[in-house]
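Peer 1: Okay, handing you the structure first.
The values are calculated or read from the model by the stated rules, or taken from the named source; none is laboratory data. This one's a predicted model, so the numbers in the text were calculated from it and none came from an experiment. No Cβ is skipped: glycine too gets one built from the backbone with ideal geometry, and neighbour counts run over all protein chains shown. Accessible surface is based on the protein model in full, side chains and every heavy atom, while ligands, DNA and RNA are left aside. Shrake-Rupley method; radii C 1.70, N 1.55, O 1.52, S 1.80 Å.
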Amino acid sequence: MRDHLESAGKLDRLLPDMTAWRRHLHMHPELSFQEKRTSAWIAERLREIGCDEVREGVGGTGVVAVIRGARPGPVVALRADIDALPIQDEKDVPYRSTVPGVMHACGHDAHTAALLGVAAHYAGAREGMAGERRLLFQPAEEVTPGGAIGMIEDGALDGVSAIYGVHVWTPLPFGTIASAPGPVMAAADDFHLEIKGKGGHGGMPQETIDAIAAGAAFVQAVQTIVSRSVDPLEPAVVTIGSFQAGSAPNIVAEVCRLSGTVRTFDPKVRALAQERLRGIADAVCRQFGASYEIDWLDGYPPVVNDGREAERFFTVARRLFGDGAVERMRPLMVCEDFAYYLERVPGCFMFVGAGNAACGAVHPHHHPRFDIDERAMLSTARLLVAMADHFAGEAASSGQ
Ligand code: NI
């Protein structure tokens, strides 16, 4: 059962290619659901590499590549996301974004380049390989409803026995690898509330219904959802991220628009938070005599790692990177549409440390100066290959 390590070790020579690929993508980012040039470029690389099958237009702008091993075995899927963010790149590096206002500020370029490295590796390793590796280059991770659903509807998971995915992660130092069994990333729902009062003169409030006062009362009251309604041992976040109202000091605002996000893990807590939020909007607006409209947008479900697959992660990662490099992570309140794959097939989502002050990789994800230690791509590719080969080896030895 050690051959998955030897195989993963052979990826080292591919780091220069991965770096060049990542830098190309970094210079030419595209937003979610618009990744046309990106996916055409990925498909071109995959054909050059010599994959057995390259399918374009999967779930819109996704690409699926297939490489078949010489020996029979299961289908194992590996996934990278390919979209960028609406952020102006403020880095001073030769590979900075050439597209104004668009930037790979989350590291999806690195995921894509690492998975191309995995393709190149497998294309030269069919002899010793059991089963099929299906490589999913998924669009639109950053925008709900996300690109995963479309990929799944287009058959990306058909026949798949296990799936693995990685996020490079700058809050973790390069050299550290982390994951955990069970929920690792939260469900994330958004809401938009419009409170409609009655505008008027700031000096004659008795004639008005003040939408700002109602909005402020709403903001105060929703703080009690997490502090008073949710079980203290269950994680939950309610954030109001936007509050817009009013135009001048002497005018009572007629309309107040608020929006926010609700992050949870437990489906019951998720439902409770929504119910309480709607109830508070209703009660506050009645209290002020205002009317309102509320839109609730269901976001991604939580990312829940399979227990056995998380165990596989610890076994494989410790052998690959050493005991001291592997951490059992605490769940994060950010979200990922990898969740949809894990709802359908067992698998594991993993974090690869990419932070390193020596190469300027000190900024958080979605920051205008975000960058990574590019060696994290090699760790990513090695981890994905070792996980897939370990799963396939186990399936073969158990006669599946
Ligand atoms: Ni991301």
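Peer 1: Using modelled amide H (1.01 Å from N, peptide plane; none on Pro or chain starts), what sits under 5 Å from the amide H of Leu172, excluding residues fewer than 5 places away?
Peer 2: Ala354, Gly355
Peer 1: Same structure, new question: Pick from Leu272, Leu116, Leu31 the residue whose mean-square fluctuation is largest in a GNM of the chain, springs joining Cα atoms under 10 Å.
Peer 2: Highest fluctuation of the listed residues: Leu272.
Peer 1: Quick one: work out the % antiparallel among DSSP beta bridges in segment 58-201, nearest 5.
Peer 2: Given both bridge residues lie in segment 58-201, the antiparallel proportion sits at roughly 40 percent.
Peer 1: Within straight cross-link reach of Lys36, meaning Cα distance under 20 Å, which lysines are found once same-chain residues fewer than 8 apart are removed?
Peer 2: Those lysines meeting the cut-off do not exist here.
Peer 1: Still on this structure: If I model a spin label as a point 7 Å beyond the Cα along the Cα-Cβ vector, how far apart are those points for Ser397 and Leu297 in nm?
Peer 2: Going by the 7 Å Cα→Cβ label model, 4.7 nm.
Peer 1: For the peptides 181-187, 163-169, 92-98, 40-46, what is the packing order when you average, over each peptide's residues, the other Cβ atoms within 10 Å and list the highest mean first?
Peer 2: Descending packing order for the listed peptides: 163-169, 181-187, 40-46, 92-98.
Peer 1: Something else about it: Out of all DSSP beta bridges in segment 1-141, what portion is antiparallel? Express it as a percent rounded to 5.
Peer 2: 55
Peer 1: Which order do His108, His24 take when ranked by solvent-accessible area (1.4 Å probe, heavy atoms of all protein chains), largest first?
Peer 2: Of His108, His24, the descending order of accessible area is His24, His108.
Peer 1: Using a Förster radius of 22 Å, what is the FRET efficiency between Glu90 and Ala357 based on their Cβ-Cβ separation? Nearest 0.05, please.
Peer 2: 0.80
Peer 1: Okay, next question. Please give the Cα centre distance for segment 321-351 versus segment 150-176, rounded to the nearest Å.
Peer 2: Taking the Cα centre of segment 150-176 as reference, the centre of segment 321-351 is 9 Å away.
Peer 1: Further question on the same structure: Of all beta bridges DSSP finds with both residues in the chain, what is the antiparallel percent, to the nearest 5?
Peer 2: If we restrict to bridges inside the chain, about 65 percent are antiparallel.
Peer 1: Using the beta-carbon distance between Thr224 and His24 and R0 = 41 Å, what value does 1/(1 + (r/R0)^6) give for FRET efficiency, to the nearest 0.05?
Peer 2: E(calc), rounded to 0.05, equals 0.25.
Peer 1: I would also like to ask the following. Could you give log10 I(q)/I(0) at q = 0.11, 0.13, 0.14 Å⁻¹ for the chain, computed by the Debye formula over C-alpha point scatterers of equal weight, without solvent?
Peer 2: Listed by q, the Debye log ratios stand at -0.81, -1.04, -1.16.
Peer 1: Pull up the cross-link candidates among the aspartates and glutamates for Lys198, meaning alpha carbon to alpha carbon under 20 Å and not fewer than 8 places away within one chain.
Peer 2: Result set, ordered by chain and number: Glu207, Asp210, Glu254, Asp282, Glu293.
Peer 1: If I compute solvent accessible area with a 1.4 Å probe over the protein chains, what percent of it on the chain is carbon and sulfur?
Peer 2: Looking at the chain in its full context, I get 51 percent from C and S.
Peer 1: Right, another one. Just the number please: accessible area per residue for the chain, 1.4 Å probe, all protein chains included, in Å².
Peer 2: Per-residue accessible area for the chain comes out at 42 Å².
Peer 1: Sum -39500 (n - 2.57) across every DSSP H segment of at least 4 residues in the chain, then divide by the residue count to get the 222 nm mean residue ellipticity, nearest 500.
Peer 2: Mean residue ellipticity, 222 nm, calculated: -11000 deg cm²/dmol.
Peer 1: Is any residue of segment 239-269 close enough, with backbone N under 18 Å, to a label point placed 7 angstrom from the Cα of Met204 along the Cα-Cβ axis, and if so, which?
Peer 2: 248-254
Peer 1: Taking amide H atoms as placed 1.01 Å from N in the peptide plane, list the residues 5 or more away in sequence, or in a different chain, whose amide H sits under 5 Å from that of Lys198.
Peer 2: Those qualifying (amide H under 5 Å, at least 5 residues apart or on another chain) are Ile209, Asp210, Ala211.
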